[in-house]
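The values are calculated or read from the model by the stated rules, or taken from the named source; none is laboratory data. The structure displayed is predicted, hence computed values, not measured ones. Neighbour counts are summed over all protein chains in view; Cβ atoms, including those assigned to glycine, are modelled from backbone coordinates with ideal geometry.
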Amino acid sequence: MTALRPARFSYVLQHWAVAGIDLLFPPRCVTCGRAGRHICARCAQLVTPTPATICTRCGRVQTARVPTCVQCEDDPDFPLDLVRAAALHTAPLREWIHLLKYEGRRELAPAMARYLTATLAAQEWEPLRIRLDGVVPTPLHAERLRERGYNQAELLAQGLCRQTGLPLRTDLLTREKLTRSQVGLNAAERKANVEGAFAATSACRGLHLLLIDDVYTTGATLRACALALRHAGAARVYALTLALPDHHEPSMHHGLPHS
Ligand SMILES: [Zn+2]
Ligand SMILES: [Zn+2]
């Protein structure tokens, strides 16, 4: 009479597990420990959106909303058509990015991607969004991908694509040069470090593409990616990152040798 119950119960558990909800070990919020989700609704509200006071050309935080900034004056060939960050690189988002990137917490990516989705829904993106051909995550070098096992930018892009229906394109851009970590480098060093590190295929020709990365530090990586896509014929290249530092980065200096 109850012979079917255990099987049925395990079926139900399995079904819920497939849906991402573990009934036996419910996920806990990585920030406050509340049971239910990896990132609870209350902590999700603590993320600080990027203020309106940015340079509208490069997206960096300024004291007022301006059409160009000091860094833009140093960079007349800026290869991106629009760059925006969803939020400031402050707690708790900063911790989540660290967990996603360095602690293997891949399961946080869909919840974090929601900030990208919300940003892309903003009015200034509307005319660009409808013409987008694909979403391109900043690629990792094959060797680093082997070490880490995944590309955090790709997980975020994947979340965004699932939430918006935009096509994910991981086939267009590759990282050819194994560069040293950008951590601890200044803006000019970062730029030199990633110069020529990326290669794009001719399948980019005529496409409108959106680059995705986790943090917009100096923009050196996004810039190098955008240049590669442009050289391969991309018609428009935009970038959207999850986080942006809320302080002014030291500006790039003139007269540095290009290597
Ligand atoms: Zn929480
Ligand atoms: Zn600027």
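Tabulated results
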read-out	value
Considering residues of region 41-63 that are aliphatic (A, V, I, L, M) and surrounded by fewer than 18 Cβ atoms within 10 Å (Cβ to Cβ) only, the residue farthest from ligand 1 (Cβ to nearest atom)	Ala52
Matching residues in region 128-150 - criterion: being out of contact with any strand residue (DSSP E or B) (no Cβ under 7 Å at 6 or more places or on another chain) and in a helix (DSSP H, G or I)	Arg129, Ala142, Glu143, Arg144, Leu145, Arg146, Glu147, Arg148
Elements of type helices (runs of 4 or more DSSP H) in region 51-127, at least 1 residues being more than 16 Å from Val215 (Cα to Cα), within 13 Å of ligand 2 (Cβ to nearest atom) and modelled with pLDDT under 95	70-73
First in region 94-121 and under 13 Å from Ala157 (Cβ atoms), second anywhere and charged (D, E, K, R), Cβ under 8 Å, 6 or more apart	Leu100/Arg106; Leu100/Asp214; Pro110/Arg162; Ala113/Arg162; Leu120/Arg129
Verdict on Thr2 being modelled with pLDDT under 90 and either away from ligand 2 (no atom under 16 Å from the Cβ) or among the hydrophobic types (A, V, I, L, M, F, W, C) (or both)	yes
Residue pairs meeting the criteria (Cβ under 6 Å; at least 6 apart or on separate chains; first under 13 Å from Val237 (Cα atoms) and touching a residue at least 12 places away in the same chain (Cβ under 8 Å), in region 69-93; second aliphatic (A, V, I, L, M) and part of a helix (DSSP H, G or I))	Pro79/Ala226; Pro79/Leu227; Leu80/Ala226
Residue match in region 19-33 (condition: in contact with a Lys or Arg (Cβ under 8 Å, 6 or more places away or on another chain), at pLDDT below 95, of a type in the set (A, V, I, L, M, F, W, C) and more than 19 Å from Val215 (Cα to Cα))	no
Every pair of residues 6+ apart whose Cβ atoms lie under 9 Å, when the first sits in region 187-200 and is free of Cβ contacts under 8 Å to residues at least 60 places away in the same chain and closer than 14 Å to Ala228 by Cβ while the second is in a loop (DSSP other than H, G, I, E, B) and among the small types (Gly, Ala, Ser)	Ala199/Ala232; Ala200/Ala232; Ala200/Gly233; Ala200/Ala234
Qualifying positions in region 188-219 - of a type in the set (Gly, Ala, Ser) and within 20 Å of Leu242 (Cβ to Cβ)	Gly219
